[in-house]
Every structure is written in C-alpha cells, then in structure tokens.
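Take a look at the structure set out below.
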Amino acid sequence: MLKVELHAHTADDPEDYIPHSVDDLVDRLATLGYDAVAITLHNRQLDVMPHQPYAASRGVVLIPGVERSIEGRHTLLINFPADEAEAVNSFDDLARLRRHEQGLVVAPHPYFPVPSCLQSTIDRLPDLFDAVEMHALYTPWLNFNRRATAWARRHQKPIVGNGDVHRLGQLGTTWSRVDAEPSADAICAAIKAGRVEVDT
C-alpha cells in the first residue's frame with residue numbers, strides 16, 4: 001500500500017501564498033514515509049517533470065494536478081494533460097475531458113461552508129466525480145466531512161484522505177493508502193477501482 005497525498009500546494013501557486021518549494025514538500029513527504037503526491041496549484045498545473053529526478057531520489061512519485069475553479073467551484077483534476085485541464089471552465093467542459101482522457105476527478109472539501117466549494121453541484125452532477133475528499137480539517141464536534149463521506153457511500157464512490165497542504169505542518173494528519181504500483185497512472189486507476197483507504 002502506498003501512502004499518498006492528493007491535494008498539495010507549493011510556492012508556485014499563482015493565487016495563494018505558500019512558503020514551501022516543491023523540494024521542501026518532497027523532503028517533508030519523504031520524512032513522513034509518503035510514496036506519492038499530487039501537486040494541485042490553484043488554476044495552474046505545475047510541470048512536475050523538472051522536479052521528478054529529485055523526488056525519485058527521495059522515493060516520492062510526483063503526480064500532476066490542478067485545483068481548478070469550475071464555474072466558481074473547486075475541483076481536483078489529477079493526471080490530466082495540463083493544457084486540457086487548464087482549459088476546463090464549465091462542467092460541460094469537464095464532461096468532455098472525461099470522455100477522452102483517463103485522469104482522476106476528485107471533489108475536494110465539497111460541503112465546507114465557503115462559496116468555492118462544490119455544495120449542491122456534486123449532488124447535481126455525481127457522474128463527473130471519481131472520488132470524494134475527506135479533508136484533514138475537522139474536529140469531533142465540527143466535521144464537514146460527514147456529509148461528504150455519506151454522499152460517497154450513497155453514490156458508491158471511493159473516499160480519499162487529503163491534507164489540502166498549504167503549510168508543511170498539515171502533512172501527516174489525513175492521507176490515502178492506495179493499493180497500486182508507484183506510478184501516477186497506476187495510483188489514479190487504483191483509486192477509481194476503489195483500492196484506497198483513508199488514515200486520519
């Protein structure tokens with residue numbers, strides 16, 4: 001089983017201030033025993049290829065991704081071609097992308113009470129999503145994940161654990177364990193097939 005984070009930001013993010021570089025993220029992941037990470041900047045997909053050699057030297061697989069704002073709602077597009085992922089502006093665009101590409105679409109923090117979260121969109125368009133995120137930010141008394149995990153079970157979708165990492169201290173609280181070979185394609189395929197568990 002691979003220890004995987006599917007929602008992480010770095011200093012390359014065009015919309016948020018993130019203090020750590022890709023290498024800083026990789027070092028922290030390696031220290032905590034992670035095997036793979038999807039770097040999901042806001043509305044821009046980072047070219048992970050220049051960072052692959054260093055990540056490989058630390059035993060971490062880099063997966064390309066983007067946290068795309070689609071009709072004002074955040075959606076994780078993981079392991080799609082960058083130009084196509086960045087061109088998705090509507091949920092109709094996303095449906096077209098899914099018809100000819102094999103990436104992974106994750107609903108991040110779908111029911112958090114902020115305007116950029118999916119909210120009722122996920123209820124209206126369940127077939128567009130391959131998995132639902134269990135977000136690290138919760139307490140026993142306040143947990144917006146409950147509705148998301150109930151939705152996932154109702155629609156028979158996998159649940160993935162993510163830190164939505166904006167600071168390195170967020171790593172190691174909630175993550176996914178994926179039964180796959182250590183490659184981006186294999187990890188995404190395994191999640192779609194439901195071979196994933198959440199540790200939190």
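Looking only at residues of the range 122-161 that are open to solvent by less than 20 Å² (accessible area, probe 1.4 Å) and among the polar types (S, T, N, Q), we find that the one that is farthest from residue 192 (Cα to Cα) is 145. Restricting 69, 116, 57, 90 to those that are farther than 28 Å from residue 144 by Cα, modelled with pLDDT of 95 or more and surrounded by fewer than 17 Cβ atoms within 10 Å (Cβ to Cβ) reduces the list to 57. Looking at this structure, is residue 194 under 20 Å from residue 80 (Cα atoms) and assigned to a loop (DSSP other than H, G, I, E, B)? Taking the combined requirement at face value, the residue satisfies it.
Output the residues belonging to the range 1-16 that are open to solvent by less than 10 Å² (accessible area, probe 1.4 Å) and small (Gly, Ala, Ser). 8, the sole residue that qualifies.
Taking the listed residues 44, 98, 68, 73, the one that is touching a residue at least 24 places away in the same chain (Cβ under 8 Å), under 18 Å from residue 187 (Cα atoms) and among the basic types (Lys, Arg) is 98, with no other qualifying.
Counting just the residues of the range 175-187 that are farther than 12 Å from residue 32 by Cβ and either of a type in the set (Phe, Trp, Tyr) or in a loop (DSSP other than H, G, I, E, B) (or both), which one comes out most open to solvent (accessible area, probe 1.4 Å)? If we take residues in the range 175-187 being farther than 12 Å from residue 32 by Cβ and either of a type in the set (Phe, Trp, Tyr) or in a loop (DSSP other than H, G, I, E, B) (or both), then 181 is most open to solvent (accessible area, probe 1.4 Å).
The values are calculated or read from the model by the stated rules, or taken from the named source; none is laboratory data. Note that the structure is predicted; figures quoted are calculated from it, not measured. Ideal geometry is used to build each Cβ from the backbone, glycine not excepted, and the neighbour counts take in all protein chains shown. Ligands, DNA and RNA are stripped out before the accessible areas are found, and what is left, the full protein with its side chains, is counted by its heavy atoms. Shrake-Rupley method; radii C 1.70, N 1.55, O 1.52, S 1.80 Å.
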